[in-house]
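See structure below.
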Amino acid sequence: ARATIGLTGLATMGRNLARNIARNGHTIAVHNRTTAKMTALVDEFGDEGDFVGCESLEDLVAAIERPRAVVVMVKAGEATDAVIDELVPLLDEGDIVVDAGNAHYRDTLRRQEALKEHDLHFVGMGVSGGEEGALNGPSIMVGGSDHAYEVLKPVVESIAAVVDGTPCCAHIGPDGAGHFVKMVHNGIEYADMQLIAESYDLLRSVLDLEPTEVADVFEEWNGGDLESFLIEMTAVVLRHTDAETGKPFVDVVRDAAEQKGTGRWTVQDALDLGVPITGIAEATFARSLSGHTEQRAAAREVFSTTPEGTDVDRDTFVDQVRAALYASKVVAYAQGFDQIAAGAEEHGWDIDLGEVATIWRGGCIIRAQFLDRIREAYSDEPDLTTLLTTPYFADAVKDGVDSWREVVVAAVRGGVPTPAFSSSLAYFDGLRRERLPAALIQALRDDFGAHSYERVDREGTFHTRWAEDGRPEEQLDA
Ligand code: 2AM
């Protein structure tokens, strides 16, 4: 046995991850159910590093030094379970199985429990950055035991993206913590993309700009606080011309967004945790809406009149949209980090939120300048109540709030749907409001359901005798 690590499942992600590991000087044993993919990898890229080609899982396991680490990179779900079941009898106490796919963290919790029975360690490793990241440096979120991280650390640190000398990888916590954080990362990615899409729609619809002109705007924004991979890519995509028709590329793409499910998982989980992640939820629903093509066609037919546009000054409006985008983005990230904190509490994970921001600065799709600010906020105050009120973000929101309102008004007037902008503003207004109409909701709940309420003027739980004298009576057993 001479390999440091093994990997089975050599589709694009697995193959790129294997090459990344080999290029960084680790001997890696590689396997794929269909052997041809394994031999193709070794034939094509064998000179990039030290690969040990294995035709069976037995060979793979035999090729790895103990304690063994085997990365499983097959399809999420049943295939992953099948491969784990095959591996377990071949492994020895202290060996580590790593699922580097996009598993639901609850599956990771279940698999970790099952492998513990066999004295094996199970690691749920969130890998972000797509195919390119897997090859050249992803952001890596590891969930697993201390022993497992100790073994994996040299490999993981060497293959991750690096920002300011710090590798974008971390031991997030035990069992499902890594996949949980990866899930929320993807949810934030949904919100980020929706906010960008709304900005683009506003600039095009309200200002009548051409896609290339919108690209110019995004390019300019990328030189400031909004600097990020997604803003940069938006400019690239908007500048692209369709090779077949010569039209702006964005105009030949069918406008029905798809989803693989991590946004939905994030929202489902947030509902269970009771965390209002309105930005991510609206982004997920906006994708669903876009896919309801029949309803859209029916609605277009009945409600075809376009509202009158608003007369706005171009430069002013561009800057207002920038400010609205930034403020909404602050809200979306604040909500995402709230969810991570709530999940950590729920599952007993000690997650360092500053570290999460740190490892998202490079490698992953939501990498951005901005994350440095979040890292700083959590290092100043690890038990932060909300990111929104930290000095830097509070100033950003205060400076931007008037523009934010103007943009939402323009969107509403012009009939441009901006669910993420609008709901983020509503969230902000909800948080900062002196009194919320939740008081009326509590009163109604007590009226028709005797659900009881608390008072502002004294302690206790009360129920009003609605049908009798209208007086409150204290609920002693509530
Ligand atoms: P294959 O090349 O033999 O199809 C993505 O589909 C990756 O997961 C591929 O490497 C694929 O192997 C592997 N895969 C899918 N289902 C599998 C299973 N049930 N057992 C092993 N590998 C599987």
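At-a-glance table
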{"item": "Contact order relative to length of the chain, as percent, for alpha carbon pairs under 8 angstrom and 6 or more apart", "result": "12 percent"}
{"item": "Among beta bridges that DSSP assigns inside the stretch 118-236, antiparallel share in %, nearest 5", "result": "65 percent"}
{"item": "Zone residues, the stretch 14-37, relative to Ala62, backbone N less than 16 Å from point 7 Å out along Cα-to-Cβ", "result": "29-32"}
{"item": "Under the Karplus curve 6.51 cos²θ - 1.76 cosθ + 1.60, θ = phi - 60°, whole-Hz ³J(HN,Hα) for the stretch 160-166, x wherever Gly or Pro sits", "result": "6, 4, 10, 10, 6, x, 9"}
{"item": "Between the stretch 352-419 and the stretch 130-149, the Cα center-to-center distance that results, in Å", "result": "25 Å"}
{"item": "Two-decimal Rg to Rh for the stretch 76-213 - Kirkwood Rh, Cα set", "result": "1.13"}
{"item": "Cα long-axis angle, helix 12-23 against the chain (0 to 90 degrees, to the nearest 10)", "result": "60 degrees"}
{"item": "Distant-in-sequence amide H partners of Gly53 (H built 1.01 Å from N, under 5 Å)", "result": "Val30"}
{"item": "Amide proton proximity set for Val162, modelled H, under 5 Å, gap of 5+", "result": "Cys168"}
{"item": "Karplus (6.51, -1.76, 1.60) ³J(HN,Hα), θ = phi - 60°, over the stretch 36-51, in Hz, Gly and Pro reported as x", "result": "3, 5, 5, 5, 4, 4, 5, 5, 6, 10, x, 7, 7, x, 9, 9"}
{"item": "Computed magnitude of the charge dipole of the stretch 334-393 (debye, nearest 20; Cβ of K, R +1, Cβ of D, E -1)", "result": "420 debye"}
{"item": "Simple Cβ-charge dipole of the chain, Lys/Arg +1 and Asp/Glu -1, about Cα centre, in debye nearest 20", "result": "620 debye"}
{"item": "18 Å cut-off, amide nitrogen to a point 7 angstrom out along Glu227 Cα→Cβ, residues in the stretch 284-325", "result": "323"}
{"item": "Alpha-carbon centroids, the stretch 1-74 and the stretch 193-243: separation in whole Å", "result": "40 Å"}
{"item": "Nearest-20 debye value, the stretch 24-173 charge dipole, Cβ charges on Lys, Arg, Asp, Glu", "result": "400 debye"}
{"item": "Full-stretch length increase - Asp251, His147 - with 0.36 nm per residue and alpha-carbon distance subtracted", "result": "32.3 nm"}
{"item": "Amide H contacts of Ala257 (H built 1.01 Å from N, under 5 Å, at least 5 apart or other chain)", "result": "Ser290, Gly291"}
{"item": "Rounded tilt (10° steps) of 278-291 against the dominant C-alpha axis of the chain", "result": "80 degrees"}
{"item": "Sequence-separation-based contact order of the stretch 1-67, relative, with Cα cut under 8 Å and 6+ spacing, percent", "result": "41 percent"}
{"item": "Chain lengthening between Asp47 and Ala438 when straightened (0.36 nm per residue, less Cα-Cα)", "result": "134.2 nm"}
{"item": "Packing-based order for 325-335, 208-218, using average beta carbon neighbours within 10 Å, highest first", "result": "325-335, 208-218"}
{"item": "Under the Karplus curve 6.51 cos²θ - 1.76 cosθ + 1.60, θ = phi - 60°, whole-Hz ³J(HN,Hα) for the stretch 256-261, x wherever Gly or Pro sits", "result": "10, 7, 9, 8, 8, x"}
{"item": "log₁₀ of I(q)/I(0) at q = 0.09 Å⁻¹ - the chain, Debye sum with one point per alpha carbon", "result": "-0.71"}
{"item": "Within the stretch 403-442, backbone nitrogen closer than 14 Å to the virtual label 7 Å beyond the Cα of Gln259 toward Cβ", "result": "419-420"}
{"item": "Helix-only mean residue ellipticity at 222 nm for the chain, each DSSP H run of n ≥ 4 adding -39500 (n - 2.57), per residue, nearest 500", "result": "-18000 deg cm²/dmol"}
{"item": "Acute angle (nearest 10 degrees) that the helix 262-273 long axis makes with the longest principal axis of the chain, alpha-carbon atoms", "result": "60 degrees"}
{"item": "Overall form of the stretch 162-225 per C-alpha gyration tensor (a/c, 1.5; a/b vs b/c)", "result": "oblate"}
{"item": "Contact order relative to length of the stretch 94-192, as percent, for alpha carbon pairs under 8 angstrom and 6 or more apart", "result": "30 percent"}
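Computed from the coordinates by the stated procedures, all read-outs in this text should not be read as laboratory data. Values in this document were obtained by computation on a predicted structure and should not be read as measured data. For neighbour counting, all protein chains shown are included, and Cβ atoms are generated from backbone atoms with ideal geometry for every residue, glycine included.
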